[in-house]
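A.B. asks: Next up is a structure, given as structure tokens.
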Amino acid sequence: MGKSKLLFITHEMSPFLELTKIAEITRQLPQAMQEKGYEIRILMPRFGNINERRNRLHEVIRLSGMNIIIDDNDNPLIIKVASIPAARMQVYFLDNEEYFQRKHVFADKEGKFYADNDERMIFFCKGALETVKKLGWAPDVIHCHGWMSALVPAYLKTTYKDDPTFKHSKIIYSIYENDFKEQLHNDFATKAIMSNMNEQHVEPYKGGTNSALYAGAIHYSDGIVLGSPDIDADVLNNVKNSNKSVLEFDSTADFENYYNFYDEITNDEIGGCCIRLNIIYEIFPIRLIDPVNKSFYFEQL
């Protein structure tokens, strides 16, 4: 039996782009899982402030040349790759001149949120899945980090649910503190609809706030990771009500907890909701019933 395949989708990763704690997690976690036997792939946007020469990015011709359709417009997708020699890992960068070739990431030099951040997000999520298909590499687990990858779980459970590349994939989504206070474009949810989708499928995302994006990702994911101790209370409430398997925040972990969580998700060892969240316990007091038989459910205290 070959190695289990683990795909990371993130908008930042050290040393290429360091905006929040996500960059550190997405640098260390893939390497830790690789050392435990996983086969790893990592995808992220090629934002304009990522130095190609310094990081030795080069185009992957066989993967480039696709067009990603957003709001009836074709947008060319260019794929570039760079290596992290110390970790023997490759990172694939999704590039598009109109969406990513800017000096700043999510806001202009005056701090104004880019009006097309919704389309940039849609482009990245669609492009990431199309890139993996073209790689011919079927992941066992797809772990998304941060708001910019929040549409990936919805696409995997609708448009791509019967695709040979993804039909056996489990999707895990890491939630962090809210990164922006603005709202995405009013038509964001409608633009995000792909084939085999309708308005109902994007209903959880409507509103276009950071919390709404998390709500949609929670709804469609198989497992949730709390990546921060400072998660919005409404988002935590969504996690609590989702009855999804959840991995608690642990700043001192050596990533063994992630390894075990991936194993639980891929082997369907958890029925219903497995709660191991100190942070949720503090806000929503609960207890586990019949843990011996793994019959986990909420009882409000």
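A.B. asks: Rounded, prolate or oblate, given the Cα gyration tensor of segment 6-139, with a/c below 1.5 counting as rounded?
C.D. replies: Since a/c reaches 1.5 but b/c is at least a/b, the shape of segment 6-139 is classed as oblate.
A.B. asks: Any chance you could give the angle, 0 to 90 degrees and rounded to 10, that helix 256-266 forms with the longest Cα principal axis of the chain?
C.D. replies: For helix 256-266, the angle is close to 90 degrees.
A.B. asks: Sticking with this structure for a sec: Give me the mean projected area, in nm² to one decimal, of the convex hull enclosing the Cα positions of the chain.
C.D. replies: About 15.9 nm², averaged over all directions.
A.B. asks: Between N49 and N257, what length in nm is gained on full extension when 0.36 nm per residue of separation is reduced by their alpha carbon distance?
C.D. replies: Going from the current span to full extension adds 71.5 nm.
A.B. asks: To continue, here is another question. Search the structure for amide H atoms under 5 Å from the amide H of M89, placed 1.01 Å from N in the peptide plane, and list their residues when 5 or more places away or on another chain.
C.D. replies: Long-range HN contacts for M89: I84.
A.B. asks: Continuing with the same structure: Could you point to the residue in L213, S251, L63 farthest towards the positive end of the chain's charge dipole, with +1 and -1 charges on the Cβ of Lys/Arg and Asp/Glu respectively?
C.D. replies: So the residue furthest toward the plus end is L63.
A.B. asks: Only Lys, Arg, Asp and Glu count, each charged at its Cβ (+1, +1, -1, -1), so figure out the dipole size of segment 1-154 about its Cα centre, rounded to 20 debye.
C.D. replies: 740 debye
A.B. asks: What are the ³J(HN,Hα) couplings of segment 116-129, residue after residue, when phi is run through the Karplus curve with 6.51, -1.76, 1.60 and θ = phi - 60°? Round to Hz, x for glycine and proline.
C.D. replies: 9, 4, 5, 5, 5, 5, 4, 4, 5, 5, 5, x, 4, 5
A.B. asks: Once phi is turned into ³J(HN,Hα) by the Karplus curve 6.51 cos²θ - 1.76 cosθ + 1.60 with θ = phi - 60°, what whole-Hz value does each residue of segment 36-49 show in order, with x for glycine and proline?
C.D. replies: 8, x, 6, 8, 10, 9, 10, 10, 7, x, 9, 5, x, 8
A.B. asks: Compute the length gained on full extension between N241 and S64: take 0.36 nm times their separation in residues and subtract their Cα-Cα distance, giving the result in nm to one decimal.
C.D. replies: Length gained, N241 through S64: 59.6 nm.
A.B. asks: Between G48 and residues 5 or more places away or on another chain, which pairs have amide H atoms under 5 Å apart, with H built 1.01 Å from N, and which residues are they?
C.D. replies: R102
A.B. asks: Hey, can you grab everything whose amide H is under 5 Å from the amide H of T209? Only 5+ residues off in sequence or another chain; H modelled, so Pro and N-termini drop out.
C.D. replies: Hits under the 5 Å cutoff: L184.
A.B. asks: Note the angle between two axes, namely the Cα long axis of helix 210-220 and the longest principal axis of the Cα atoms of the chain, as a number of degrees from 0 to 90, rounded to the nearest 10.
C.D. replies: So the helix axis and the longest Cα principal axis differ by about 70 degrees.
A.B. asks: A further question follows. What whole-number value in Å² describes the accessible area per residue of the chain for a 1.4 Å probe?
C.D. replies: 46 Å²
A.B. asks: So between D234 and N196, what do we pick up on full extension, going 0.36 nm a residue minus the alpha carbon distance?
C.D. replies: Contour length minus the Cα-Cα distance gives 10.7 nm.
A.B. asks: Please determine, in degrees from 0 to 90 and to the nearest 10, the orientation of helix 22-35 with respect to the longest principal axis defined by the Cα atoms of the chain, where the helix direction is its Cα long axis.
C.D. replies: 80 degrees
A.B. asks: Considering only protein heavy atoms and a probe of 1.4 Å, how much of the accessible area of the chain is carbon and sulfur, as a whole percent?
C.D. replies: 45 percent
The values are calculated or read from the model by the stated rules, or taken from the named source; none is laboratory data. Everything numeric in this text was worked out from a predicted model, so none of it was measured. With ideal geometry, Cβ positions are generated from the backbone for all residues, glycine too; neighbour counts draw on all protein chains shown. The accessibility values were calculated without ligands, DNA or RNA, using every heavy atom of the protein model including side chains. Shrake-Rupley method; radii C 1.70, N 1.55, O 1.52, S 1.80 Å.
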